[in-house]
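Only one structure is covered here, and it is reproduced in the block below.
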């Protein structure tokens, strides 16, 4: 199976953008519905294209950073501090996930890279219950950083604050 001309153009368009692009914007650009774009993105991912879905849209993951999964636990009041600790030490919070005893793994992409991103996330949390509350505060984050030293620095800072399991 080959990629369509539109799918190749989507790749090119995403590669040329520094910011995520919504499915709606992509649909308008290519004259198709958002649902068609969602299917195209799924197909591109199946072909191994490193497309990241964020709350602001799609982007190509071009950075060859190291990633690590951390297990964390804290109350709701520490959410902002935990995330700020990661970004302040050079990390990116790629996602959050839990291992629910009934539903299995529930994951949400975050792509938080800065204190501004943390503030926006926490502000949006006001209308919802944190995912970690479904598993007695235990949750996981996939984090990335430019090198092993940065990952160790993040883990050390989180451990010092008592967030790591």
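Anything in the stretch 1-37 that is out of contact with any helix residue (DSSP H, G or I) (no Cβ under 6 Å at 6 or more places or on another chain), under 12 Å from residue 57 (Cα atoms) and part of a helix (DSSP H, G or I)? List them, or say none.
Passing the criteria: 14, 25.
Residue-by-condition table, conditions (1) under 16 Å from the mean Cα position of the chain (by Cα); (2) modelled with pLDDT of 85 or more:
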{"site": "12", "(1), (2)": "no, yes"}
{"site": "15", "(1), (2)": "no, no"}
{"site": "27", "(1), (2)": "no, yes"}
{"site": "32", "(1), (2)": "no, yes"}
{"site": "35", "(1), (2)": "no, yes"}
{"site": "44", "(1), (2)": "no, yes"}
{"site": "47", "(1), (2)": "no, no"}
{"site": "52", "(1), (2)": "yes, yes"}
{"site": "55", "(1), (2)": "yes, yes"}
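Being part of a helix (DSSP H, G or I) and surrounded by 15 or more Cβ atoms within 10 Å (Cβ to Cβ), is that true of even one residue in the stretch 47-61?
Scanning the stretch 47-61 turns up no residue that is part of a helix (DSSP H, G or I) and surrounded by 15 or more Cβ atoms within 10 Å (Cβ to Cβ).
The values are calculated or read from the model by the stated rules, or taken from the named source; none is laboratory data. Just so you know, these numbers come straight off a predicted model, no measurement behind them. FYI the Cβ positions are ideal-geometry reconstructions off the backbone, even for glycines, and counts take in every protein chain you see.
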